[in-house]
There are 2 protein chains.
Amino acid sequence: MKYTAHINIMPLKELLDPQGKAVNNSLHNLGLTGVHDVRIGKHILMTMEAATKEAAENMTREACKKLLANQVMESFDFTVVEG
Amino acid sequence: MKYTAHINIMPLKELLDPQGKAVNNSLHNLGLTGVHDVRIGKHILMTMEAATKEAAENMTREACKKLLANQVMESFDFTVVEG
């Protein structure tokens with residue numbers, strides 16, 4: 001069966017996010033002064049072939065831990081849907 | 001009222017995504033051979049102060065169009081939630 005994982009990888013809350021800070025300042029300069037805070041991470045779409053949804057979730061977790069997320073600085077969450 | 005926008009910015013389907021391709025190959029090398037395709041974009045969390053949810057959505061759309069997304073190469077979608 002074919003599954004698609006929607007993965008979000010974000011910098012940990014405890015850490016500064018200089019890219020987000022820069023974007024926040026730029027938005028203020030563009031006149032969007034209502035914006036308080038911006039944090040920027042990665043959004044990953046991964047399609048895979050797996051026997052069950054559980055297998056697809058395990059594969060996604062392994063991919064995040066081994067390659068996609070640096071757990072010292074980033075947290076990840078994901079949802080897996082069929083198709 | 002305080003609102004949070006969850007924004008996803010992805011490379012357009014028609015375009016190659018070399019970063020995703022590289023990650024796809026790396027996952028295969030790590031033994032995750034069930035993975036077919038990987039596409040990598042940005043996930044942005046933006047908190048803002050706005051009078052209504054509609055105002056917050058308009059602010060988010062403006063931020064995406066003016067700064068966050070390059071619409072020649074990227075598409076964006078977002079959801080705005082209270083709090």
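Summary table
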{"read-out": "Inter-residue pairs, beta-carbon under 7 Å, first closer than 20 Å to residue B:23 by Cβ and in the range A:43-60, second of a type in the set (Phe, Trp, Tyr), 6+ apart", "value": "A:48/A:3; A:50/A:3; A:56/A:3; A:60/A:78"}
{"read-out": "Residues of the range B:1-50 classified as farther than 30 Å from residue A:55 by Cβ and among the hydroxyl-bearing types (Ser, Thr, Tyr), total", "value": "3"}
{"read-out": "Meets criteria (within 23 Å of residue B:74 (Cβ to Cβ), open to solvent by 60 Å² or more (accessible area, probe 1.4 Å), more than 7 Å from chain B (Cβ to nearest Cβ) and outside any strand (DSSP E or B)) for residue A:70", "value": "no"}
{"read-out": "Hits in the range A:25-41 - residues which are more than 7 Å from chain B (Cβ to nearest Cβ) and either surrounded by 12 or more Cβ atoms within 10 Å (Cβ to Cβ) or in a helix (DSSP H, G or I) (or both)", "value": "A:25, A:28, A:29, A:33"}
{"read-out": "Of all residues in the range A:44-67 being facing chain B (nearest Cβ under 7 Å) and buried (at least 21 other Cβ atoms within 10 Å of the Cβ), the one that is nearest to the chain's Cα centre (by Cα)", "value": "A:44"}
{"read-out": "Pairs with Cβ under 7 Å, 6+ apart, first in the range B:1-29 and more than 30 Å from residue B:83 (Cα to Cα), second acidic (Asp, Glu) and at pLDDT 95 or above", "value": "B:12/B:74; B:24/B:37"}
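Yes/no per residue for (1) in contact with an Asp or Glu (Cβ under 9 Å, 6 or more places away or on another chain); (2) of a type in the set (Asp, Glu):
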| position | (1), (2) |
| --- | --- |
| B:11 | yes, no |
| B:14 | no, yes |
| B:35 | yes, no |
| B:38 | yes, no |
| B:42 | yes, no |
| B:54 | no, yes |
| B:57 | no, yes |
| B:72 | no, no |
| B:83 | no, no |
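The values are calculated or read from the model by the stated rules, or taken from the named source; none is laboratory data. Worth saying up front: this structure is predicted, and the values here are computed from it rather than measured. Neighbour counts are summed over all protein chains in view; Cβ atoms, including those assigned to glycine, are modelled from backbone coordinates with ideal geometry. Calculation scope for accessible area: heavy atoms of the full protein, side chains included, ligands and nucleic acids excluded. Shrake-Rupley method; radii C 1.70, N 1.55, O 1.52, S 1.80 Å.
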